[in-house]
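**Student:** Take a look at the following structure, please.
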Amino acid sequence: MEEARRRTLHGRRSGKKLRAGQQSLLDAALPRLAVALPAEAVVDAEGDVAESVVKIDLARLFGALPPGGVWLEIGFGAGEHLVWQAEHHPDVGLIGCEPYINGIAKCLAHIERTGISNVRIFSDDARLLMAALPPRSLSRVFVLFPDPWPKTRHHKRRFVARRNLDVLARLMRPGSELRLATDDPSYLPWMVEHACTHPAFEWLAERAVDWRTRPGDWPPTRYEQKMLAGHKPAFLRLKRRPEGR
């Protein structure tokens, strides 16, 4: 991997030093839950990740193909939403992507506390994982409060972009759901422009209240409760259209 050439879409990889217990949990649990790439990714001239020829064996990753399908959360933060979904959907296999090591440590603590066994973790750029997933392998995808990269010159780093949506369209089964959320006033119209008008996805909102109101199976995290107080986040739900449309 030519790390210097790859255009990163995430921020820092680590924060303050982990406590001894967090580091111990990270050392013991992450290797067991980590998603390994089958081959090194390739980057193109623009710094984007190219599709991998060899694909991840999801049945092997989870021990067997989960009967409820495989869900992907891109940027899970501290893992509260990821673990909640895993608790409430034990027949689903969830893959969470998060490069921030402090968030991974917190997620592992939630996993240990709840005793769930249907979560796997990828601790790098989600695009590397996406490039190695089999086509039509995902039943739901979450991209919740991604880095808005508010400066105009950084907009090319926003995850919700045509190239990434094209990849997700290839990975998602017809009828599967893509969930997006943001509280950034500049990112919302961007999401609508890029995701809600994408030919592979149908925006499920019929009225404004549909995207201004949190769905019942979409729990708030402590980040939202603390950082978004007084803000008006948007919750966008999109369905993967049938193939050929």
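The values are calculated or read from the model by the stated rules, or taken from the named source; none is laboratory data. Because the structure is a prediction, the values reported are computed rather than measured. Heads up, the Cβs are rebuilt from the backbone with ideal geometry, glycines too, and the neighbour counts pull from every protein chain shown.
**Student:** How many of the residues making up the range 58-75 are assigned to a strand (DSSP E or B) and either hydroxyl-bearing (Ser, Thr, Tyr) or more than 20 Å from Pro174 (Cβ to Cβ) (or both)? Give the steps one after another, and end with the answer.
**Tutor:** Taking the range 58-75 first, the residues assigned to a strand (DSSP E or B) are 70-74.
Among the residues that remain, those that are also either hydroxyl-bearing (Ser, Thr, Tyr) or more than 20 Å from Pro174 (Cβ to Cβ) (or both) are: 73-74.
Counting residues in the range 58-75 that are assigned to a strand (DSSP E or B) and either hydroxyl-bearing (Ser, Thr, Tyr) or more than 20 Å from Pro174 (Cβ to Cβ) (or both) gives 2.
**Student:** So, in the range 90-103, exactly how many residues are of a type outside the set (Gly, Ala, Ser), modelled with pLDDT of 95 or more and either in contact with a Pro (Cβ under 7 Å, 6 or more places away or on another chain) or more than 16 Å from Leu61 (Cβ to Cβ) (or both)? Walk me through it before giving the result.
**Tutor:** Within the range 90-103, the first condition is being of a type outside the set (Gly, Ala, Ser), and the residues that meet it are 90-92, 94-95, 97-102.
Narrowing the set further to residues that are modelled with pLDDT of 95 or more leaves 90-92, 94-95, 97-98.
This time we only want the ones that are either in contact with a Pro (Cβ under 7 Å, 6 or more places away or on another chain) or more than 16 Å from Leu61 (Cβ to Cβ) (or both), so: 90-92, 98.
The total comes to 4.
**Student:** Right, another one. Just checking, does the range 226-240 include any residue being without any contact (Cβ under 8 Å) to a residue 40 or more places away in the chain and either assigned to a loop (DSSP other than H, G, I, E, B) or among the hydroxyl-bearing types (Ser, Thr, Tyr) (or both)?
**Tutor:** yes
**Student:** Can you tell me which residues in the range 18-37 are in contact with a helix residue (DSSP H, G or I) (Cβ under 6 Å, 6 or more places away or on another chain) and either at pLDDT 85 or above or in a helix (DSSP H, G or I) (or both)? Explain how you work it out, then say what you get.
**Tutor:** Of the residues in the range 18-37, the ones in contact with a helix residue (DSSP H, G or I) (Cβ under 6 Å, 6 or more places away or on another chain) are 18, 22, 25-26, 29, 37.
Hits for the range 18-37 are Gln22, Leu25, Leu26, Ala29, Leu37.
**Student:** Only one of Arg153, Arg170 is modelled with pLDDT of 95 or more and either over 23 Å from Ala78 (Cβ atoms) or of a type in the set (Asp, Glu) (or both); which?
**Tutor:** Values: Arg153 fails: modelled with pLDDT of 95 or more.
From the options Arg153, Arg170, the qualifying one is Arg170.
**Student:** Look at the range 110-142 and say how many of its residues are assigned to a helix (DSSP H, G or I), surrounded by 17 or more Cβ atoms within 10 Å (Cβ to Cβ) and basic (Lys, Arg). Break it down into steps so the answer makes sense when it comes.
**Tutor:** Here is the first cut: in the range 110-142, the residues assigned to a helix (DSSP H, G or I) are 110-114, 126-132.
From what is left, the residues that are surrounded by 17 or more Cβ atoms within 10 Å (Cβ to Cβ) are 110-111, 126-132.
Going one step further and asking which of them are basic (Lys, Arg), we end up with 127.
Number of matching residues: 1.
**Student:** Now for a different question. Which members of the range 188-212 meet the condition of being part of a loop (DSSP other than H, G, I, E, B), more than 19 Å from the chain's Cα centre (by Cα) and more than 18 Å from Leu144 (Cα to Cα)? Write out each step before concluding.
**Tutor:** Of the residues in the range 188-212, the ones part of a loop (DSSP other than H, G, I, E, B) are 197-200, 204-207.
Filter again for more than 19 Å from the chain's Cα centre (by Cα), leaving 197, 199, 204-207.
Across the range 188-212, the qualifying residues are Thr197, Pro199, Glu206, Arg207.
**Student:** So is Met130 modelled with pLDDT of 95 or more, on the phi < 0 side of the Ramachandran plot and within 13 Å of the chain's Cα centre (by Cα) or not? Steps first, please.
**Tutor:** On the way: modelled with pLDDT of 95 or more: yes; on the phi < 0 side of the Ramachandran plot: yes; within 13 Å of the chain's Cα centre (by Cα): yes.
So Met130 fits the description; yes.
**Student:** May I pose another question? For the range 81-104, how many residues meet the condition of being touching a helix residue (DSSP H, G or I) at 6+ places or on another chain (Cβ under 9 Å), under 24 Å from Arg19 (Cα atoms) and not in a helix (DSSP H, G or I)?
**Tutor:** So the count comes out to 4.
**Student:** Something else: Looking only at the range 220-245, which residues are at pLDDT 85 or above and loosely packed, with under 15 Cβ neighbours inside 10 Å? Quick ask: steps written out before the conclusion?
**Tutor:** Of the residues in the range 220-245, the ones at pLDDT 85 or above are 233-242.
Pro242 - this is the single residue of the range 220-245 that is at pLDDT 85 or above and loosely packed, with under 15 Cβ neighbours inside 10 Å.
**Student:** Would you check which residues across the range 143-169 are in contact with a Lys or Arg (Cβ under 8 Å, 6 or more places away or on another chain) and either assigned to a helix (DSSP H, G or I) or within 15 Å of Ile95 (Cβ to Cβ) (or both) and list them?
**Tutor:** Just the residues of the range 143-169 that are in contact with a Lys or Arg (Cβ under 8 Å, 6 or more places away or on another chain), to begin with: 143-144, 146-149, 156-157, 164, 167, 169.
The answer is Val143, Leu144, Lys156, Arg157, Asn164, Val167, Ala169.
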